[in-house]
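*Asks:* Next up is a structure, given as structure tokens.
No value in this document is a laboratory result; all are computed from the given coordinates. Keep in mind it's a predicted model, so treat the numbers as computed, not measured. Cβ placement follows ideal geometry from the backbone for every residue including glycine, while neighbour counts extend to all protein chains displayed.
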2 protein chains.
Amino acid sequence: MMAEGTHWLPGADPFDIAWKLVAVNLSDLAAKGAEPLGVLLGHSLGEGDDRFLEGLNAVLAEYDVPLLGGDTIRAEGPRTLGLTAIGRATHTPVPSRSGARDGDHIYVSGELGRAMLGFEALKDGTGGDHEAYSRPRPLLDEGRALAPVVSAMMDVSDGLLLDCSRMACAAGSVAFELDSAAIPVAAPARFDECIRWGDDYALLFTAAPGVKLPVSSTRIGSVRTAGPGEARLTIDGKPVSGTLGYQH
Amino acid sequence: MMAEGTHWLPGADPFDIAWKLVAVNLSDLAAKGAEPLGVLLGHSLGEGDDRFLEGLNAVLAEYDVPLLGGDTIRAEGPRTLGLTAIGRATHTPVPSRSGARDGDHIYVSGELGRAMLGFEALKDGTGGDHEAYSRPRPLLDEGRALAPVVSAMMDVSDGLLLDCSRMACAAGSVAFELDSAAIPVAAPARFDECIRWGDDYALLFTAAPGVKLPVSSTRIGSVRTAGPGEARLTIDGKPVSGTLGYQH
């Protein structure tokens, strides 16, 4: 779901809203190595719907996904849009969030912080490139290629640290140990922000050492066994504190 | 999708909102003769969520349907909720809206106007029974039993007349000829309202003459060939005029 005021700025281009609504859902399919079969749209009618439809058609054409159905309503107040993407697994078992094991390597495919820079370019109105924020690209091909070889996978929608922490907790008695120098960020001077900002839709995954990866990826750390009282997420050996990312 | 102010009254019991959100989607599956596999919920967090969850659990338990996933957001203003129900066809071809043919009989399973009376009982606060409005019951068993024998089927969500008109238009060159005396209504003195009010979730279907129906149903008319200039919907031989039902 995406809501006016929460997920898009006032005055946002409805084309971009439609694009993002579809793209972020396709990104969830990408993280499962799934092939999209179609989407169902829950649409609150309103201003800019012609432009919304242009964006919807564009993103569906780009990823060759049909609109299968949905619902339209008229409602008061800020608009809320819902979308459900249906996909078919191309590899079973489907990659889970919880499969990381002691000794696995941690990887990310994509660069972190690009959406943050795009958001700022959009907000300050100086005409800078905001495509990474406005029209994210789900890594469908990469997800399908990775599905057979990863031990765990998810898309980085809420910030790298938060999503690493979720993966570590889902896996059980392990910690994610990250190496700051290895993490690919779009703005090195703002490293801490880049690894906490969401909306990048990179793929975060773990794989056993020695696995040959079929797509370009960066190793950012290792998975280690951790006891009950130990930190589940460290950077350069130190436990991570403070806000990890976008909580909602 | 359901939105505060449009699909539920201010102060409505969140239990009922959850029930209805699921039930109306299951009703769409019922009209296709489909077996529910699960639902995906798009939820705007807010007041009364504990009670909403009670209703959600109750309706999912009642129809033995799992919550497969979804999304939660925080948003400003009136709340909007979205739900996608996934089902598996139990008979192919799946009953369409467009299959009515000259000579078919028109049937309805269920009584029309019960939701209207329930809505009024709820609104006037006199403690009358409002279950037909607040907690509609999708006719899943009936839809599955009917799927192999109908020529067209849909659920009556927006009023009998409007949905008859949609079925006639979808079928092409036919008219739906209704017999007022045969239509089962909950409030005979308010016949015109009963056949225009929505939310009843009865099943409306057509079948060839001579077909043995597996569920209790009432024949309410016949399908006839109609030319380009002819009325697509008549009651007692007269074209229907004015508002047919709930347009949205």
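*Asks:* Let me know the mean shielding of A:82-89 by other chains, meaning the per-residue number of their Cβ atoms within 10 Å of its Cβ.
*Replies:* Mean partner-chain Cβ count within 10 Å for A:82-89: 4.
*Asks:* For helix B:49-62, what angle does its Cα long axis make with the longest principal axis of chain B, in degrees from 0 to 90 and rounded to 10?
*Replies:* 40 degrees
*Asks:* Among A:77-84, A:164-171, how do they line up by average Cβ neighbours within 10 Å per residue, starting with the highest?
*Replies:* Values: A:77-84: 24.5, A:164-171: 22.1.
Listed from highest to lowest mean packing, they are A:77-84, A:164-171.
*Asks:* Quick check on the exposure proxy: order B:LYS32, B:LYS238, A:LYS212 from fewest to most C-beta atoms within 10 angstrom.
*Replies:* Numbers: B:LYS32 21, B:LYS238 9, A:LYS212 6.
Ordered by Cβ neighbours within 10 Å, fewest first: A:LYS212, B:LYS238, B:LYS32.
*Asks:* Let me ask you something else. Can you list the residues of segment B:214-248 with backbone N under 11 Å from a point 7 Å past the Cα of B:ASP102, pointing along Cα to Cβ?
*Replies:* Counting backbone N atoms under 11 Å from the label point, the list is B:224-227.
*Asks:* Calculate the all-directions average of the projected area of chain B's alpha-carbon convex hull, and give it in nm². Could you put the intermediate results ahead of the total?
*Replies:* Details: hull surface 55.4 nm².
That works out to 13.8 nm², a quarter of the Cα hull's surface.
*Asks:* Between B:ASN57 and the same site in the other copies, what are the distances in nm, shortest first, taking label points 7 Å from Cα along the C-beta direction?
*Replies:* 4.7
*Asks:* Now, a different point. Distance check, please: which entries in B:LYS212/B:LYS238; A:LYS20/A:LYS123; A:LYS20/B:LYS32; A:LYS32/A:LYS212 exceed 25 angstrom between their Cα atoms? It would help to have the intermediate numbers written out before the result.
*Replies:* Values: B:LYS212/B:LYS238 29 Å; A:LYS20/A:LYS123 17 Å; A:LYS20/B:LYS32 31 Å; A:LYS32/A:LYS212 19 Å.
Where the Cα-Cα span goes over 25 Å, the pairs concerned are B:LYS212/B:LYS238; A:LYS20/B:LYS32.
*Asks:* Which ordering of B:THR225, A:THR90 is given by a fewest-first count of other beta-carbon atoms within 10 Å? Could the numbers behind the result be given before it?
*Replies:* Details: B:THR225 12, A:THR90 16.
Fewest to most other Cβ atoms nearby, the residues stand as B:THR225, A:THR90.
*Asks:* Okay, moving on. Please report B:SER157, A:SER96 as a ranked list, fewest other C-beta atoms within 10 angstrom at the top and most at the bottom.
*Replies:* Going from sparsest to densest Cβ surroundings: A:SER96, B:SER157.
*Asks:* Quantify how strongly other chains surround peptide B:41-49 by giving the mean number of their Cβ atoms within 10 Å of each of its Cβ atoms.
*Replies:* Values: counts 3, 8, 2, 5, 1, 0, 0, 0, 0.
Per residue, the number of nearby Cβ atoms from other chains is 2 on average.
*Asks:* For the peptides A:52-62, A:122-132, what is the packing order when you average, over each peptide's residues, the other Cβ atoms within 10 Å and list the highest mean first?
*Replies:* Values: A:52-62: 17.6, A:122-132: 13.5.
Top to bottom by mean Cβ count within 10 Å: A:52-62, A:122-132.
*Asks:* Now, a different point. Helix A:160-171 versus the longest principal axis of chain A: what angle, 0 to 90°, nearest 10, using Cα atoms?
*Replies:* Tilt of helix A:160-171: around 60 degrees.
*Asks:* Averaged over peptide B:65-71, how many Cβ atoms belonging to another chain are found within 10 Å of each residue's Cβ? Numbers along the way, then the final one.
*Replies:* Values: counts 0, 0, 0, 0, 2, 3, 9.
That average works out to 2.
*Asks:* For the protein assembly as shown, what does -39500 (n - 2.57) per DSSP helix run (n ≥ 4), summed and divided by total residues, give at 222 nm, in deg cm²/dmol to the nearest 500? If you can, show how the numbers build up before the last one.
*Replies:* Values: 14 runs with 138 residues, N = 496.
Mean residue ellipticity, 222 nm, calculated: -8000 deg cm²/dmol.
*Asks:* Where the centre of each part is set by its Cα atoms, how far does segment A:157-194 sit from segment B:50-71, in angstrom?
*Replies:* When both Cα centres are located, 34 Å separates them.
*Asks:* Evaluate the distance, in nm, between pseudo-label points positioned 7 Å from the Cα of B:THR72 and of A:ASN57 along their respective Cα→Cβ axes.
*Replies:* Roughly 3.9 nm, to one decimal.
*Asks:* Would you mind working out the magnitude of the charge dipole of segment A:54-152 relative to its Cα centre, with +1 at each Lys and Arg C-beta and -1 at each Asp and Glu C-beta, to the nearest 20 Debye?
*Replies:* Numbers: 10 positive and 14 negative charges, 65 e Å.
With Lys and Arg at +1 and Asp and Glu at -1, about 320 debye.
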